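See below for the structure under consideration.
The values are calculated or read from the model by the stated rules, or taken from the named source; none is laboratory data. Remember, it's a predicted structure, so these values are computed and weren't measured experimentally. In this analysis, Cβ positions are derived from the backbone assuming ideal geometry, glycine residues included, and neighbour counts consider all displayed protein chains. Accessible surface areas use protein heavy atoms only, side chains included; no ligands, DNA or RNA. Shrake-Rupley method; radii C 1.70, N 1.55, O 1.52, S 1.80 Å.
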Amino acid sequence: MKQSFRGLVYFFLVELRRPLIIFWTILFPILIVSLAFSYYLSQIEQGPLFFSLTGPLYVFFSIWGFICIKEFIPFSIKLGATRKQIWRAIGVFFLSLAVIQAIFASIIQEVVWKLTDWVGIDAFRFLHPAFFVTDNWYTRIMIDVGIFTFFFVISYLIGLVFYKYGLLGGGSLLGAILLVLLMTIATGWFAEFVGKIISDMSVIFYIQTFAVGIALYLCSFLFFSKITIVKAR
(Lines give C-alpha, C1' and ligand atoms only; values in the text may rest on other atoms or scores of the structure.)
Protein backbone atom coordinates (compact mmCIF):
# COMPACT_ATOMS: atom_id res chain seq x y z
CA MET A 1 0.00 0.00 0.00
CA LYS A 2 2.87 2.37 0.81
CA GLN A 3 4.42 1.69 -2.59
CA SER A 4 1.12 2.49 -4.33
CA PHE A 5 0.85 5.74 -2.37
CA ARG A 6 4.43 6.71 -3.22
CA GLY A 7 3.82 5.80 -6.85
CA LEU A 8 0.80 8.11 -7.00
CA VAL A 9 2.72 10.99 -5.44
CA TYR A 10 5.56 10.44 -7.91
CA PHE A 11 3.07 10.38 -10.79
CA PHE A 12 1.55 13.68 -9.61
CA LEU A 13 5.03 15.18 -9.33
CA VAL A 14 5.98 14.14 -12.85
CA GLU A 15 2.71 15.51 -14.26
CA LEU A 16 3.06 18.85 -12.48
CA ARG A 17 6.81 19.31 -12.92
CA ARG A 18 6.67 20.74 -16.44
CA PRO A 19 3.82 23.26 -15.80
CA LEU A 20 5.60 24.37 -12.62
CA ILE A 21 8.90 24.88 -14.45
CA ILE A 22 7.12 26.86 -17.17
CA PHE A 23 5.35 28.95 -14.51
CA TRP A 24 8.59 29.99 -12.81
CA THR A 25 10.36 30.41 -16.16
CA ILE A 26 7.78 33.06 -17.03
CA LEU A 27 7.62 34.66 -13.57
CA PHE A 28 11.38 35.10 -13.07
CA PRO A 29 11.91 37.27 -16.20
CA ILE A 30 8.92 39.41 -15.18
CA LEU A 31 10.51 39.86 -11.75
CA ILE A 32 13.86 40.80 -13.33
CA VAL A 33 12.23 43.32 -15.66
CA SER A 34 10.34 44.80 -12.70
CA LEU A 35 13.59 45.16 -10.76
CA ALA A 36 15.26 46.83 -13.72
CA PHE A 37 12.37 49.27 -14.11
CA SER A 38 12.43 49.93 -10.35
CA TYR A 39 16.11 50.79 -10.64
CA TYR A 40 15.23 53.33 -13.32
CA LEU A 41 12.48 54.78 -11.12
CA SER A 42 14.94 55.05 -8.24
CA GLN A 43 17.33 57.07 -10.42
CA ILE A 44 14.64 59.59 -11.33
CA GLU A 45 13.18 59.53 -7.79
CA GLN A 46 9.86 58.09 -8.84
CA GLY A 47 7.85 55.10 -7.66
CA PRO A 48 7.33 52.85 -5.88
CA LEU A 49 6.66 49.85 -8.11
CA PHE A 50 4.66 47.03 -6.51
CA PHE A 51 5.17 43.43 -7.54
CA SER A 52 3.23 40.37 -6.35
CA LEU A 53 5.29 37.19 -6.27
CA THR A 54 2.67 35.01 -4.62
CA GLY A 55 -0.36 36.40 -6.47
CA PRO A 56 0.39 34.31 -9.58
CA LEU A 57 0.88 31.31 -7.31
CA TYR A 58 -2.63 31.80 -5.92
CA VAL A 59 -3.91 31.60 -9.48
CA PHE A 60 -1.71 28.57 -10.19
CA PHE A 61 -3.14 26.59 -7.27
CA SER A 62 -6.68 27.64 -8.20
CA ILE A 63 -6.23 26.35 -11.74
CA TRP A 64 -4.58 23.09 -10.74
CA GLY A 65 -7.23 22.26 -8.19
CA PHE A 66 -9.62 21.99 -11.13
CA ILE A 67 -7.20 20.37 -13.56
CA CYS A 68 -6.00 17.65 -11.19
CA ILE A 69 -9.45 16.05 -11.20
CA LYS A 70 -9.52 15.27 -14.92
CA GLU A 71 -5.75 14.73 -15.20
CA PHE A 72 -4.98 12.57 -12.17
CA ILE A 73 -8.09 10.60 -11.27
CA PRO A 74 -8.84 8.54 -14.44
CA PHE A 75 -5.23 7.49 -14.97
CA SER A 76 -4.74 6.67 -11.27
CA ILE A 77 -7.82 4.44 -11.24
CA LYS A 78 -6.62 2.69 -14.40
CA LEU A 79 -3.34 1.97 -12.61
CA GLY A 80 -5.33 0.08 -9.98
CA ALA A 81 -5.16 2.61 -7.13
CA THR A 82 -8.08 2.74 -4.74
CA ARG A 83 -10.18 5.89 -4.36
CA LYS A 84 -8.92 6.35 -0.81
CA GLN A 85 -5.30 6.14 -1.95
CA ILE A 86 -5.88 8.69 -4.71
CA TRP A 87 -7.73 11.04 -2.36
CA ARG A 88 -4.98 10.84 0.26
CA ALA A 89 -2.21 11.20 -2.33
CA ILE A 90 -3.77 14.35 -3.85
CA GLY A 91 -4.17 15.93 -0.42
CA VAL A 92 -0.65 15.11 0.79
CA PHE A 93 0.95 16.09 -2.52
CA PHE A 94 -0.69 19.50 -2.87
CA LEU A 95 -0.28 20.35 0.82
CA SER A 96 3.42 19.52 0.54
CA LEU A 97 3.62 21.54 -2.68
CA ALA A 98 1.93 24.49 -0.94
CA VAL A 99 4.49 24.44 1.87
CA ILE A 100 7.45 24.10 -0.53
CA GLN A 101 6.22 26.88 -2.82
CA ALA A 102 5.51 29.18 0.14
CA ILE A 103 9.04 28.65 1.48
CA PHE A 104 10.58 29.09 -1.98
CA ALA A 105 8.65 32.33 -2.60
CA SER A 106 9.69 33.67 0.80
CA ILE A 107 13.34 32.84 0.10
CA ILE A 108 13.16 34.67 -3.23
CA GLN A 109 11.60 37.67 -1.52
CA GLU A 110 14.40 37.77 1.08
CA VAL A 111 17.07 37.47 -1.64
CA VAL A 112 15.50 40.26 -3.70
CA TRP A 113 15.33 42.50 -0.63
CA LYS A 114 19.04 41.94 0.01
CA LEU A 115 19.76 42.65 -3.65
CA THR A 116 17.75 45.87 -3.74
CA ASP A 117 19.46 47.11 -0.57
CA TRP A 118 22.87 46.33 -2.05
CA VAL A 119 22.17 47.92 -5.44
CA GLY A 120 20.28 50.84 -3.95
CA ILE A 121 16.84 50.22 -5.43
CA ASP A 122 14.34 51.91 -3.13
CA ALA A 123 11.38 52.00 -5.55
CA PHE A 124 10.63 48.27 -5.49
CA ARG A 125 7.99 46.82 -3.16
CA PHE A 126 6.58 43.34 -2.80
CA LEU A 127 2.80 43.19 -2.56
CA HIS A 128 1.82 40.51 -0.06
CA PRO A 129 -1.10 39.96 2.38
CA ALA A 130 1.45 39.89 5.22
CA PHE A 131 1.77 43.66 4.70
CA PHE A 132 -1.55 44.06 6.54
CA VAL A 133 -0.40 42.00 9.55
CA THR A 134 3.18 41.22 10.63
CA ASP A 135 5.45 41.00 7.62
CA ASN A 136 8.15 38.48 8.43
CA TRP A 137 9.42 35.12 7.21
CA TYR A 138 7.03 33.00 9.27
CA THR A 139 3.84 34.95 8.68
CA ARG A 140 4.42 35.04 4.92
CA ILE A 141 4.80 31.26 4.79
CA MET A 142 1.81 30.71 7.07
CA ILE A 143 -0.40 33.07 5.07
CA ASP A 144 0.64 31.62 1.71
CA VAL A 145 0.07 28.01 2.80
CA GLY A 146 -3.40 28.96 4.06
CA ILE A 147 -4.35 30.76 0.84
CA PHE A 148 -2.80 28.12 -1.43
CA THR A 149 -4.69 25.36 0.36
CA PHE A 150 -8.02 27.19 0.38
CA PHE A 151 -7.89 28.18 -3.29
CA PHE A 152 -6.81 24.70 -4.33
CA VAL A 153 -9.60 23.00 -2.39
CA ILE A 154 -12.31 25.33 -3.71
CA SER A 155 -11.14 24.78 -7.29
CA TYR A 156 -10.77 21.04 -6.61
CA LEU A 157 -14.35 20.78 -5.33
CA ILE A 158 -15.70 22.63 -8.36
CA GLY A 159 -13.72 20.33 -10.64
CA LEU A 160 -15.03 17.32 -8.72
CA VAL A 161 -18.62 18.43 -9.25
CA PHE A 162 -18.01 18.97 -12.97
CA TYR A 163 -16.33 15.57 -13.26
CA LYS A 164 -19.03 13.66 -11.42
CA TYR A 165 -22.17 15.53 -12.48
CA GLY A 166 -21.14 17.02 -15.83
CA LEU A 167 -21.85 20.46 -17.23
CA LEU A 168 -25.34 20.53 -15.75
CA GLY A 169 -24.16 19.91 -12.20
CA GLY A 170 -21.07 22.10 -12.46
CA GLY A 171 -22.92 24.88 -14.23
CA SER A 172 -25.67 24.81 -11.62
CA LEU A 173 -23.09 25.08 -8.84
CA LEU A 174 -21.32 28.03 -10.48
CA GLY A 175 -24.68 29.66 -11.19
CA ALA A 176 -25.72 29.31 -7.55
CA ILE A 177 -22.39 30.77 -6.38
CA LEU A 178 -22.73 33.69 -8.80
CA LEU A 179 -26.33 34.33 -7.73
CA VAL A 180 -25.40 34.40 -4.05
CA LEU A 181 -22.46 36.70 -4.80
CA LEU A 182 -24.63 39.12 -6.80
CA MET A 183 -27.25 39.17 -4.03
CA THR A 184 -24.65 39.94 -1.36
CA ILE A 185 -23.18 42.72 -3.53
CA ALA A 186 -26.63 44.20 -4.24
CA THR A 187 -27.58 44.24 -0.55
CA GLY A 188 -24.23 45.71 0.49
CA TRP A 189 -23.47 42.73 2.70
CA PHE A 190 -20.44 41.74 0.62
CA ALA A 191 -18.76 45.15 0.96
CA GLU A 192 -19.51 45.16 4.68
CA PHE A 193 -18.11 41.65 5.05
CA VAL A 194 -14.90 42.50 3.16
CA GLY A 195 -14.49 45.70 5.16
CA LYS A 196 -14.84 43.81 8.42
CA ILE A 197 -12.25 41.23 7.32
CA ILE A 198 -9.76 43.96 6.37
CA SER A 199 -10.30 45.88 9.60
CA ASP A 200 -9.90 42.73 11.74
CA MET A 201 -7.11 41.24 9.62
CA SER A 202 -4.69 39.04 11.55
CA VAL A 203 -2.71 35.84 11.17
CA ILE A 204 -5.61 34.02 12.87
CA PHE A 205 -7.77 34.75 9.82
CA TYR A 206 -5.37 32.85 7.56
CA ILE A 207 -5.11 29.99 10.02
CA GLN A 208 -8.91 29.77 9.94
CA THR A 209 -8.79 29.90 6.13
CA PHE A 210 -6.37 26.97 6.16
CA ALA A 211 -8.60 25.05 8.58
CA VAL A 212 -11.66 25.63 6.39
CA GLY A 213 -9.74 24.36 3.36
CA ILE A 214 -8.67 21.19 5.20
CA ALA A 215 -12.22 20.60 6.47
CA LEU A 216 -13.66 20.98 2.97
CA TYR A 217 -11.09 18.59 1.59
CA LEU A 218 -11.96 15.98 4.22
CA CYS A 219 -15.63 16.34 3.31
CA SER A 220 -14.80 15.87 -0.37
CA PHE A 221 -14.20 12.17 0.24
CA LEU A 222 -17.99 11.73 0.38
CA PHE A 223 -18.06 12.60 -3.35
CA PHE A 224 -14.76 10.95 -4.12
CA SER A 225 -15.44 7.48 -2.74
CA LYS A 226 -17.69 6.39 -5.65
CA ILE A 227 -16.01 8.26 -8.48
CA THR A 228 -15.30 6.37 -11.73
CA ILE A 229 -13.08 6.83 -14.76
CA VAL A 230 -16.15 7.82 -16.78
CA LYS A 231 -16.51 11.57 -16.80
CA ALA A 232 -20.09 12.83 -16.79
CA ARG A 233 -21.12 15.06 -19.69
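Among (1) in contact (Cβ under 8 Å) with a residue 40 or more places away in the chain; (2) outside any helix (DSSP H, G or I), which single condition is Ala105 missing? All conditions are met except number (2).
Report whether or not Leu27 is surrounded by 16 or more Cβ atoms within 10 Å (Cβ to Cβ), without any contact (Cβ under 8 Å) to a residue 40 or more places away in the chain and under 20 Å from the mean Cα position of the chain (by Cα). Taking the combined requirement at face value, the residue satisfies it. Note on region 108-129: among residues that are hydrophobic (A, V, I, L, M, F, W, C) and part of a helix (DSSP H, G or I), the one that is surrounded by the fewest Cβ atoms within 10 Å (Cβ to Cβ) is Trp118. Criterion applied to Ile100, Ile73 was being open to solvent by 80 Å² or more (accessible area, probe 1.4 Å) and among the aliphatic types (A, V, I, L, M), and the one residue passing it is Ile100. Pairs linking a residue in region 148-159 that is touching a residue at least 40 places away in the same chain (Cβ under 8 Å) to a residue that is crowded, with 21+ Cβ neighbours inside 10 Å and β-branched (Val, Ile, Thr), with Cβ atoms under 6 Å and 6 or more positions apart or on different chains, are Gly159/Ile69. Residues in region 54-65 that are under 20 Å from Trp87 (Cβ atoms) and either at pLDDT below 85 or crowded, with 21+ Cβ neighbours inside 10 Å (or both): Phe61, Trp64, Gly65. Looking at region 67-82, is at least one residue within 23 Å of Ala215 (Cβ to Cβ), assigned to a helix (DSSP H, G or I) and in contact with a Pro (Cβ under 9 Å, 6 or more places away or on another chain)? Scanning region 67-82 turns up at least one residue that is within 23 Å of Ala215 (Cβ to Cβ), assigned to a helix (DSSP H, G or I) and in contact with a Pro (Cβ under 9 Å, 6 or more places away or on another chain).
Do we have Gln101 as under 22 Å from Lys226 (Cβ atoms) and in contact with a Leu (Cβ under 8 Å, 6 or more places away or on another chain) here?
no
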